[in-house]
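The values are calculated or read from the model by the stated rules, or taken from the named source; none is laboratory data. Just so we're clear, the structure is a prediction, and the values are computed from it rather than from any experiment. Don't worry about glycine lacking a Cβ; one is built from the backbone with ideal geometry, like all the others, and counts go over all protein chains shown.
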Amino acid sequence: MDERLERYVSELFAAEDPILRKIRARHDEQQLPPINISPEEGKLLHLLLRIIEAKRVLEIGSLGGYSGVWLARALPRDGKLITLEKDPRHARVAREAFTDAGLEGRVELIEGGALEVLPTLTPGFDAVFIDADKEPLPQYFDWGMRLLRVGGLLLCDNAFFHGAAVDASDQSGNARGVRAFNTLASGDPRLVATIVPVRDGLLVGLKTRDDA
Ligand code: SAH
Ligand code: DHB
Ligand code: MG
């Protein structure tokens, strides 16, 4: 999307409150990589969770907690966001963000590599938001589908991956992971999916059944 139009949407519909601004400022201060979702993507994720009345959500890749706050704010008081982060420094910043936002009761951050932690989780999630390393995306697809309830949402950031989605000459592990994920999501009979062209592309899929 045109950057001016993106800003227009953000300012009109996804204005940040002081807490989100503080999280972003801390991000910069701590020199975390500036790869958090954008406000309009945050608002879209928030809205999708509200539409399905999500109560139990999984995020892979917490970074500094920016997306986590948009997600957790969509949940009822007794809802739960489980967010996975392998970098202890990122995890510390994210925990601070959830506390600042008054969400510590609604968020459980599990520190560790996603592929180690995913097998320990109980299925039945209302939504799974994938936003971590890109090479294992096909494995995250399988885990997401296994952990989602029927009627749940499979959400994946960076579906375009800066254009690498359509650049077959990019044979990096990351680009291959993103393309494989998109192909899996488009062809799986258990899923109805598309890519919303917000920021770097957000893949949105509805799990419609359990069996293939
Ligand atoms: N969702 C965040 C951005 C996540 S950036 C936001 O929008 O605010 C990607 C994060 O995934 C980084 O913090 C990185 O440390 C983490 N990560 C990368 N590989 C991982 C893995 N295998 N398991 C868990 N976390 C991982
Ligand atoms: C980048 C952006 C992301 O949103 C992400 O999850 C990983 C990497 C990037 O711009 O490199
Ligand atoms: Mg991302």
Restricting attention to segment 128-155, the residues that are part of a strand (DSSP E or B) and away from ligand 3 (no atom under 16 Å from the Cβ) number exactly 6
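Of all residues in segment 156-183 being of a type in the set (S, T, N, Q), away from ligand 3 (no atom under 15 Å from the Cβ) and part of a loop (DSSP other than H, G, I, E, B), which is surrounded by the fewest Cβ atoms within 10 Å (Cβ to Cβ)? Steps first, answer last, please.
Initially, segment 156-183 is screened for residues of a type in the set (S, T, N, Q), giving 158, 169, 171-172, 174, 182-183.
Within this subset, residues satisfying the condition of being away from ligand 3 (no atom under 15 Å from the Cβ) are 169, 171-172, 183.
Still in the running and part of a loop (DSSP other than H, G, I, E, B): 169, 171-172.
Values: SER169: 6, GLN171: 10, SER172: 13.
Filtering first and then ranking leaves SER169.
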In segment 7-22, anything among the β-branched types (Val, Ile, Thr) and more than 22 Å from GLY79 (Cα to Cα) is listed as VAL9
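Would you mind finding the one in PHE125, PHE181 that is within 16 Å of the chain's Cα centre (by Cα), within 16 Å of ligand 2 (Cβ to nearest atom) and touching a residue at least 40 places away in the same chain (Cβ under 8 Å)?
Details: PHE125 fails: within 16 Å of ligand 2 (Cβ to nearest atom).
Sole residue among the options that is within 16 Å of the chain's Cα centre (by Cα), within 16 Å of ligand 2 (Cβ to nearest atom) and touching a residue at least 40 places away in the same chain (Cβ under 8 Å): PHE181.
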When segment 15-42 is checked residue by residue, the ones that are buried (at least 20 other Cβ atoms within 10 Å of the Cβ) and closer than 27 Å to LYS207 by Cα are ASN36, ILE37, PRO39, GLU40, GLU41, GLY42
Residues of segment 18-33 being within 16 Å of ligand 3 (Cβ to nearest atom) and in contact with a Lys or Arg (Cβ under 9 Å, 6 or more places away or on another chain), in sequence order, are LEU32
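Quick one: would you say LEU148 is closer than 20 Å to GLY113 by Cα, in contact with a Lys or Arg (Cβ under 6 Å, 6 or more places away or on another chain) and surrounded by 18 or more Cβ atoms within 10 Å (Cβ to Cβ)?
On the way: closer than 20 Å to GLY113 by Cα: yes; in contact with a Lys or Arg (Cβ under 6 Å, 6 or more places away or on another chain): yes; surrounded by 18 or more Cβ atoms within 10 Å (Cβ to Cβ): yes.
Considered against the rule, which asks whether it is closer than 20 Å to GLY113 by Cα, in contact with a Lys or Arg (Cβ under 6 Å, 6 or more places away or on another chain) and surrounded by 18 or more Cβ atoms within 10 Å (Cβ to Cβ), LEU148 comes out as yes.
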Consider GLY205 carefully, then state whether it is crowded, with 18+ Cβ neighbours inside 10 Å, modelled with pLDDT of 95 or more, more than 20 Å from PRO33 (Cβ to Cβ) and away from ligand 3 (no atom under 16 Å from the Cβ).
yes
